[in-house]
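Novice: Here it is: the structure, laid out below.
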Amino acid sequence: MKYLLSGFDIILVFTLLWLAWRLLATEDIFKAVILFISFGLVMALTWVRLQAPDVALAEAAIGAGLTGPLFLSALRRMERIHKQERRLDFDEDRDDDTHPQ
Amino acid sequence: MTPTRNDLKQKRSDPFPLLVSICIIGMTALLGKIIWSLPTDTHGLEDQVARHLDQSGATSPVTAVLLNFRGYDTLLEVMVLFLAIVGVWSLTEAPAQGRAPDTSPVQTSVVRILAPLMCLVGAYLVWQGSHLAGGAFQGGAVLAGAGVLMVVAEMPLIMDVPARILRLGLVLGPAVFWAVAVWCMIKGGALLSYPEQMADSLLLLIETGCALSIGLTLAALFVGGRPKHDLPALTKTPAPDNGGTEC
């Protein structure tokens, strides 16, 4: 049982480091947000293993559960703004095209 | 996206990443050295907390520290959350929802089952905070999760909560906390030094108020802007029946 738990701890540590690295290195922001959520969940497990259930609860609820959706909604809003800008550019282009006629 | 050989070459010639990684490795080594050199047989303030636990009004040492011994820090934390939502509300208006045809009946019915359950779990977390793991922040976060679910599923009436009630709810936690703090001062103690025989009920009062406000604040942060139908005095439209405003 003891070896099992230490094995689990080692897996936790390396998963955390790997997730953190992937999250910082990835180019796709959406993927980074999903990685951030999974990082929060693994972090909550780590807090449980460190015998800090209070922090684990807060991490799971706030770190993974709420910050993730917050990022996602910010991302959606950013995309919407980008799309609007692009549409404006497109309209300007079309205006330019129609002018010579 | 895999970097091509050209990209790699460019990266190698750029000294900045190398410098940053050397700094990070150096910091990590330094931190590791400090952590290893710490004495391992100390208990920190554990004994002191355990000795004064019966005066704190809570049987969970974490809650005792958070709300009694270091109550000032928690008060400021609640104020920080409040300032965050004030900042967001002063920046933008909430984006229009209006995607009602997209929400599936499955989503709506799942949310209908989940939301009351989550409210119950949140309340339970606040209640058990006095003797086990839990407390205002955890309970508030679960409440906020219920709120976020309802906003995402576009439950009817959820976006039409009057701004006045929203504002009152956001202020409730900090206001209760401050009121108790000042009341303690008037009763003759220092700021936030609860009278011993009333400590447990005062802690529960603060935790309940703060959990409600934290839940509302986090959900409002998710919505990301002040409500559409804000107070008439703030939207600069003539309002004949405008009573007192809360802000």
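Novice: Rounded, prolate or oblate for the stretch A:29-68? Axes are the square roots of the Cα gyration tensor eigenvalues, ordered a ≥ b ≥ c, and the cut-off for rounded is a/c under 1.5.
Specialist: Details: a/c = 4.93, a/b = 2.04, b/c = 2.41.
Cα axes put the stretch A:29-68 in the oblate bin.
Novice: For B:Arg226, list long-range residues whose amide hydrogen, built 1.01 Å from N in the peptide plane, is under 5 Å from its own amide hydrogen.
Specialist: B:Thr92, B:Glu93, B:Ala94
Novice: What do you get for trypsin sites (Lys or Arg not before Pro) in the stretch B:87-170 restricted to DSSP loop and a cutoff of at most 12 other Cβ within 10 Å of the site's Cβ? Walk me through the numbers on the way to the answer.
Specialist: Details: sites: B:Arg99, B:Arg112, B:Arg164, B:Arg167; in loops: B:Arg99.
The qualifying sites are B:Arg99.
Novice: Could you calculate the FRET efficiency of A:Met1 with A:Leu41 from 1/(1 + (r/R0)^6), where r is the beta carbon distance between them and R0 is 22 Å, rounded to 0.05?
Specialist: Numbers: r = 24 Å, r/R0 = 1.09.
Given R0 = 22 Å and the Cβ-Cβ separation, E is 0.40.
Novice: Tell me the label-point distance for the pair A:Trp21, B:Asp14, using the 7 Å Cα-to-Cβ offset, in nm and rounded to one decimal.
Specialist: In this crude spin-label approximation the distance works out to 2.0 nm.
Novice: Would you list B:Cys23, B:Cys119, B:Cys210 from fewest to most Cβ contacts within 10 Å? Write down the numbers at each step before the final one.
Specialist: Working: B:Cys23 10, B:Cys119 17, B:Cys210 28.
Exposure proxy ranking, most exposed first: B:Cys23, B:Cys119, B:Cys210.
Novice: Another question, if that's okay. Does the stretch B:16-163 classify as rounded, prolate or oblate by the C-alpha gyration tensor (a ≥ b ≥ c root eigenvalues; a/c under 1.5 gives rounded; else a/b over b/c gives prolate, otherwise oblate)? Before the final figure, lay out each step's value.
Specialist: Numbers: a/c = 2.40, a/b = 1.44, b/c = 1.66.
Oblate, since a/c reaches 1.5 and b/c is not below a/b.
Novice: Rounded, prolate or oblate for the stretch B:77-214? Axes are the square roots of the Cα gyration tensor eigenvalues, ordered a ≥ b ≥ c, and the cut-off for rounded is a/c under 1.5.
Specialist: Since a/c reaches 1.5 but b/c is at least a/b, the shape of the stretch B:77-214 is classed as oblate.
Novice: Bin by bin, in steps of 10 Å, what percent of the Cα pairs in the stretch B:118-171 do you find, going until the bin that has the longest distance?
Specialist: 24, 42, 28, 6
Novice: Still on this structure, I have one more. In sequence order, what are the phi-derived ³J(HN,Hα) couplings for the stretch B:132-139 according to the Karplus relation 6.51 cos²θ - 1.76 cosθ + 1.60 with θ = phi - 60°, rounded to whole Hz, with x for glycine and proline?
Specialist: 9, 5, x, x, 5, 5, 5, x
Novice: Let me ask something else. Compute the length gained on full extension between B:Leu157 and B:Leu114: take 0.36 nm times their separation in residues and subtract their Cα-Cα distance, giving the result in nm to one decimal.
Specialist: On the way: separation 43, 0.36 × 43 = 15.48 nm, distance 1.73 nm.
So the chain would gain 13.8 nm between B:Leu157 and B:Leu114.
Novice: Other chains near A:56-66: what is the mean number of their Cβ atoms within 10 Å of each residue's Cβ? Before the final figure, lay out each step's value.
Specialist: Working: counts 2, 10, 7, 2, 3, 12, 9, 1, 0, 6, 12.
For peptide A:56-66, the averaged partner shielding equals 6.
Novice: Can you give the FRET efficiency for A:Asp28 and B:Ala123, using 1/(1 + (r/R0)^6), R0 = 41 Å, r = Cβ-Cβ distance, to the nearest 0.05?
Specialist: Values: r = 39 Å, r/R0 = 0.94.
Using R0 = 41 Å, I get an efficiency of 0.60.
A short reminder: the numbers here are calculations on the coordinates, not readings from a lab. Just so you know, these numbers come straight off a predicted model, no measurement behind them. All Cβ positions, glycine included, derive from the backbone under ideal geometry; neighbour counts span all protein chains shown.
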